[in-house]
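Everything on this sheet refers to the single structure shown next.
Derivation of every value follows stated rules applied to the coordinates shown; laboratory data play no part. Since we're looking at a predicted model, the values are computed, not measured. Glycine also receives a Cβ, built like all others from the backbone with ideal geometry; neighbour counts cover every protein chain displayed.
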Amino acid sequence: MYRKPILVAMDLEGVFVPEIWIAVAEKTGIEKLRLTTRDVADYDELMRGRLEILRRHGLKLADIQAVIRTLDPLPGAEVFLNSLRSRHPLVILSDTYYEFAGPLMEKLGKPTLFCNSLEVDADGMIANYHLRTPNGKKAAVQHFHALHFQVIAGGDSYNDTAMLAEADCGILFRPSDKVRREFPQFPVAMDYVEMDRLIREFAG
């Protein structure tokens with residue numbers, strides 16, 4: 001019996017690495033930078049607010065990159081990711097930016113990453129952000145389906161839920177209580193062991 005091959009699509013921040021903006025908030029002491037898609041469902045509203053805060057405080061791309069270089073993957077993340085990659089094609093779908101993600105991808109063994117891009121002015125300030133495509137995570141899963149893959153998706157936040165709903169198997173990973181209450185249709189994994197179990201159950 002033919003069964004379509006499985007592809008795994010996973011979020012990055014909050015799943016494999018710490019939340020970058022929270023790390024920047026802790027480094028700078030700017031509390032409003034702690035807001036993430038766990039707190040604000042409208043991504044454009046969230047990013048416009050972040051860029052305004054950076055301008056107000058004179059923080060440049062280089063300042064954020066310096067914080068990112070101090071971050072390490074979450075405990076157990078690399079082992080879990082490598083286990084997934086040994087069994088299935090794996091793509092990381094993230095709302096982060098290539099200008100941010102480089103050092104973290106090195107530490108994770110350079111998995112395939114689909115994300116977005118930043119526009120930086122002559123002074124090194126982040127002037128704007130450019131999405132690869134609107135609702136890119138969901139769109140990527142739709143294209144994987146068009147290529148005749150079954151898709152298992154995992155993420156932790158509001159901006160992952162459209163991807164999870166589009167996937168054949170969508171799993172919330174360590175979601176906030178608010179996200180968990182609002183999206184009870186998705187199974188929840190609170191650690192990599194449970195996430196691995198749910199993936200293996202679907203894969204059969």
(request) Please order Y158, Y43, Y2 by the number of other Cβ within 10 Å, starting at the fewest. (result) Y2, Y43, Y158
(message) Rounded, prolate or oblate for region 38-82? Axes are the square roots of the Cα gyration tensor eigenvalues, ordered a ≥ b ≥ c, and the cut-off for rounded is a/c under 1.5.
(response) oblate
(request) Decide, for the chain, between rounded, prolate and oblate: order the square roots of the alpha carbon gyration tensor eigenvalues as a ≥ b ≥ c, take rounded if a/c falls under 1.5, and otherwise choose prolate if a/b is larger than b/c, else oblate. (result) prolate
(request) Excluding residues on the same chain fewer than 8 positions from K60, give the lysines whose Cα lies under 18 Å from its Cα. (result) K27, K32
(message) Between region 3-37 and region 88-104, how far is it from one alpha carbon centroid to the other, in angstrom?
(response) 10
(message) Explain nothing, just the number: relative contact order of the chain, from Cα pairs under 8 Å at least 6 residues apart, as a whole percent.
(response) 24
(message) Rounded to whole Å, give me the distance from the Cα center of region 175-199 to that of region 138-174.
(response) 13
(request) At a Cα cut-off below 17 Å, give the aspartates and glutamates reachable from K137, other chains included and same-chain residues fewer than 8 away excluded. (result) D11, E13, D42, D44, D95, D156, D160, E166, D168
(message) With a 10 Å cut-off between alpha carbons and a GNM built on the chain, which of A162, A189, A146 moves the most?
(response) A146
(message) Which one, A25, A122, A153, has the greatest fluctuation when you compute a Gaussian network model over the chain with C-alpha springs under 10 angstrom?
(response) A122
(request) Using the Cα centre as the reference, give the magnitude of the dipole from point charges on the C-beta atoms of region 63-140 (Lys, Arg: +1; Asp, Glu: -1; all else neutral), rounded to the nearest 20 debye. (result) 600
(request) Can you find, among I92, S157, I6, the residue farthest towards the positive end of the dipole of the chain? Put +1 on the C-beta of Lys and Arg, -1 on that of Asp and Glu. (result) I6
(request) Would you mind telling me which residue in P134, P187, P73 has the biggest mean-square fluctuation in a Gaussian network model of the chain, where springs connect alpha carbons within a distance under 10 angstrom? (result) P134
